[in-house]
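This report refers to the structure that appears directly beneath it.
Every number here is computed from the coordinates shown, using simple stated rules; none is lab data. None of these values were measured; they are calculated from a predicted model. Cβ atoms come from the backbone with ideal geometry, glycine included; neighbour counts cover every protein chain shown.
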Amino acid sequence: MKYDHKEVEAKWQKIWEEKGCFHAEENSDKEKFYALIEFPYPSGQGLHVGHPRPYTALDVVSRKKRLQGYNVLYPIGWDAFGLPTENYAIKNHIHPEEVTKKNVARFKKQIQSLGISFDWSREINTTDPDYYKWTQWIFLQLFKKGLAYKKEMAVNWCTSCKCVLANEEVVNGVCERCGSEVVRRVKSQWMLKITEYADRLISDLDLVDYPPRVKAQQINWIGKSMGAEVDFKTTEGDILKIYTTRCDTLFGATYMVISPEHPCIEKWSSRIKNIDEVRAYQNEASKKSDFERTELAKDKTGVMLDGVKAINPVNNTEIPIFVSDYVLISYGTGAIMAVPAHDTRDWEFAKKFDLPIIEVVKGGEDVQKEAFTDCATGVLVNSGFISGLSVEDAKKKMIGWLTENGVGTAKTNFKLRDWVFSRQRYWGEPIPIVHCDKCGYVPIPESELPLKLPMVDSYEPTDTGESPLSKMTDWVETTCPHCGGKAHRETDTMPQWAGSSWYFLRYMDPHNDTALAGKEALEYWSPVDWYNGGMEHTTLHLLYSRFWHKFLYDIGVVPTPEPYAKRTSHGMILGSDGGKMSKSRGNVVNPDDIVEQYGADTMRLYEMFIGDFEKAAPWNEASIRGCRRFVERYFNLQTKLIEGNTIRPELESAFHRTIKKVGEDIENIKFNTAIAALMALMNDITEAGSINKKEYAIFSILMNPFAPHITEEVWSTMQLGEGIIAEQSWPVYDESKCKENEIEIAVQVNGKIRAKLMIPADADQSTAIEIAKNDSNVKKSLENMNIIKEIYVKGRLVNIVVKP
RNA sequence: GCCGGUGUGGUGGAACAGGCAGACACAAGGGACUUAAAAUCCCUCGGACUAAACAUCCGUACCGGUUCAAGUCCGGUCACCGGCACCA
């Protein structure tokens, strides 16, 4: 029999679309299930075979859930604002809106050819004014609650293009496009106070089912630490505030380091004798990103301030102050005390500048030769009133002392920084704020939303570093909603992260024009039951969207504190050379070619069979043929069909075990072994030589989530019933029928395999050991030996421990 | 550098909670069918020893440890991947 995948797949895709098979029901009594994938960025390159991996995975889950009677929401949309589209538009003189439209159309066609059961009636697009109306609305609520504010922040500035660059556009310190020098330049930016939610973003991880590695990454990213702020007096009479998690080591602080951006430098400029040297250093530091500054154990640079010194509050010793770029202004207070004996960076710095190294925690080798950093459990020495205490006790006593003397307090700190929310770009949501000289920053009235992105002739960056919108004088000049006076609009736009921070809510009620989604829909569908996405989104998108959701929860818009009940992560699909798929490597595989040659069902099976879903796997064209062969073997079972409406006894155990395995594996994201189990069952059926209707029906349903087209086709030609999707009957297994009567166990002597034996499955320890000892090879190993111990692991093995 | 992860045959991978390493596939080799090829079906397939089988020994990146038993747990090393806040 010949299987024509093109005809069959087109036929069923048409039927599904016409019948609206995958539309989530609106007012259903059924239990809901909301599956979510990270919506794609419609790039100009089109889909590559990496995209469908997560889509297919949750499609398998969604289809199985539908067969189990759930009301499933499995939506898709487009995360369409962003830099590449804008750059493409600039280069080719096509409006970004046109580019987006074209890219979306292509992506959509490609995705639809895979037979993914998305509910296309809920398709959304972040660049659609009806959508970003609500992105802007959320921003206004944040603003009203004081969570959006303006702050001077460093940006990458290309000295030649005269524009702000994204980090990605800076390669080795120069502009990616023109190769000119890039410097850090300070600009006033909109910020969102995600730090206000830092504690809850950690503690509420207890409420959700995320992989441990995702939780760990988020917790470390937020970086909560309990420490102290300590005031160091300076010879200038004023105070230098530092943050430390190790206030117990204060007696070992032999110098201080401030960041090149620290305001004290300006304040003391007249007293710093080597101010020119310091300024030159500041200038050099402005060329580096935070990453470059803190990266690598490479040479520590710095300049000592000549003319100002600090005084260590615990022993009144004068210590020098350095400026060095490994201290960042954005973390803590932008100043640290350095304890070279117990910190590697400080130690290297002290060696280079020949500064004293004083051991304050006992237990290491010679601190003059190497820093002793593994000292969280040691005992304090050379530390006055805390000498002899454990680190824990010393910290407590020191905080007490600092507080009593008014020179410090306990302080919790976070590595997490507030979210820089403005971009000097065209292709993003306009920030709905007006600046009035009299009233300051004023939100535009909600009734005026959406504030539409105006059509401009040129979306190229301006020479001044302002957004292209700033050239639109008609649009920029407006009146203040508050006082009615002259005012101008904010011309910066939002980052791409804005639209993706709440899109899952819009899917619940995508056409609502009075709210981001209706109360009822939010109540019914929240939270997302299963969200799959890439590990690369763990610390930005995933955290940002949790932050927005918590904010919306606080203002009573959404009913749950967390947006996603469960999160899973897929591994990347690599090129056949084992490298990341990219145009430049020339290893990109287009799914269209695979669908054309092998069909969508084969493509889906291969994507799921390729390896552990959570791990990266290289694409291998040859392996696809194995999946195609499996599909054909399934199809050709029709020639071996016999009558019968119960599973035959010889296949009963195999069927029940497979039903169990496939169901469990899908829930546990072990799609590869679910397919392996189906293949194994196929081998059992082949061995049996025939298949009856009942068996074929069960096999078809089990395979349907992976290969939906061919299974429906077989179901319909064999007239097994109304249709797999229509019948909603995922098979149920009987635990007692999964078991076999006889099982093979391994027999070990001293942990070495000496025999493999069949024993009754229900054999107890003494029976199993008895049978084991009777094996001739085992007997040989036991000769002249004394038995010390006998171990039986039920259904697995016997181990006899002996000694001569 | 810091945070998180990964490392198993020629290849992709499997191995419940510490209990038979290599399931299920791919590739390769041999055979059947065929005038022939493709397709299909059957057999072999980690290494050493062996004519072959049995048996035995070695083998899950590397070094060491815990245990009756380690791919799995612990300590260390190396290599690779993801993230590092304006790519998405």
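Scanning the range A:187-215 for residues that are part of a helix (DSSP H, G or I), more than 10 Å from RNA strand B (Cβ to nearest atom) and aliphatic (A, V, I, L, M) returns A:201, A:202, A:205, A:207. Report whether or not residue A:676 is within 13 Å of RNA strand B (Cβ to nearest atom) and in contact (Cβ under 8 Å) with a residue 60 or more places away in the chain. Against the criterion (within 13 Å of RNA strand B (Cβ to nearest atom) and in contact (Cβ under 8 Å) with a residue 60 or more places away in the chain), residue A:676 qualifies. Being part of a helix (DSSP H, G or I), within 14 Å of RNA strand B (Cβ to nearest atom) and either of a type in the set (A, V, I, L, M, F, W, C) or in contact (Cβ under 8 Å) with a residue 12 or more places away in the chain (or both) holds for only one residue in A:107, A:139, A:143, and it is A:107. Would you check if residue A:371 is assigned to a helix (DSSP H, G or I) and in contact (Cβ under 8 Å) with a residue 24 or more places away in the chain? In short, no.
The single condition from (1) without any contact (Cβ under 8 Å) to a residue 40 or more places away in the chain; (2) of a type in the set (Ser, Thr, Tyr); (3) within 13 Å of RNA strand B (Cβ to nearest atom) that residue A:225 fails is (1). Evaluated against (1) surrounded by fewer than 22 Cβ atoms within 10 Å (Cβ to Cβ); (2) within 28 Å of residue A:503 (Cα to Cα); (3) more than 8 Å from RNA strand B (Cβ to nearest atom), residue A:587 falls short on exactly one condition, (2).
Being small (Gly, Ala, Ser), surrounded by fewer than 21 Cβ atoms within 10 Å (Cβ to Cβ) and touching a residue at least 40 places away in the same chain (Cβ under 8 Å) is not true of residue A:428. Looking across the range A:235-254, just one residue is surrounded by fewer than 22 Cβ atoms within 10 Å (Cβ to Cβ), assigned to a strand (DSSP E or B) and β-branched (Val, Ile, Thr), and that is A:239.
If the condition is being among the acidic types (Asp, Glu) and over 13 Å from residue A:740 (Cβ atoms), then the range A:647-665 contributes A:664, A:665.
Give the number of residues within the range A:306-343 that are crowded, with 22+ Cβ neighbours inside 10 Å, in contact with a His (Cβ under 9 Å, 6 or more places away or on another chain) and outside any strand (DSSP E or B). Residues flagged as crowded, with 22+ Cβ neighbours inside 10 Å, in contact with a His (Cβ under 9 Å, 6 or more places away or on another chain) and outside any strand (DSSP E or B) within the range A:306-343 amount to 1.
With respect to being more than 39 Å from the chain's Cα centre (by Cα) and free of Cβ contacts under 8 Å to residues at least 24 places away in the same chain, residue A:280 fits the description.
A quick yes/no check of all residues on (1) farther than 30 Å from residue A:17 by Cα; (2) part of a helix (DSSP H, G or I); (3) not charged (D, E, K, R):
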| residue | (1), (2), (3) |
| --- | --- |
| A:700 | no, yes, yes |
| A:705 | no, no, yes |
| A:715 | no, yes, yes |
| A:722 | no, no, no |
| A:737 | yes, yes, no |
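The residue of the range A:743-762 that is farthest from residue A:775 (Cα to Cα), among those that are without any contact (Cβ under 8 Å) to a residue 24 or more places away in the chain and more than 9 Å from RNA strand B (Cβ to nearest atom), is A:762. Write out, first by first residue and then by second, each pair whose Cβ atoms fall under 9 Å of each other, whose residues are 6+ apart or on separate chains, and whose first residue, in the range A:605-624, is without any contact (Cβ under 8 Å) to a residue 24 or more places away in the chain while the second is near RNA strand B (Cβ under 6 Å from one of its atoms) and assigned to a helix (DSSP H, G or I). Within 9 Å, the pairs are A:606/A:623; A:606/A:626.
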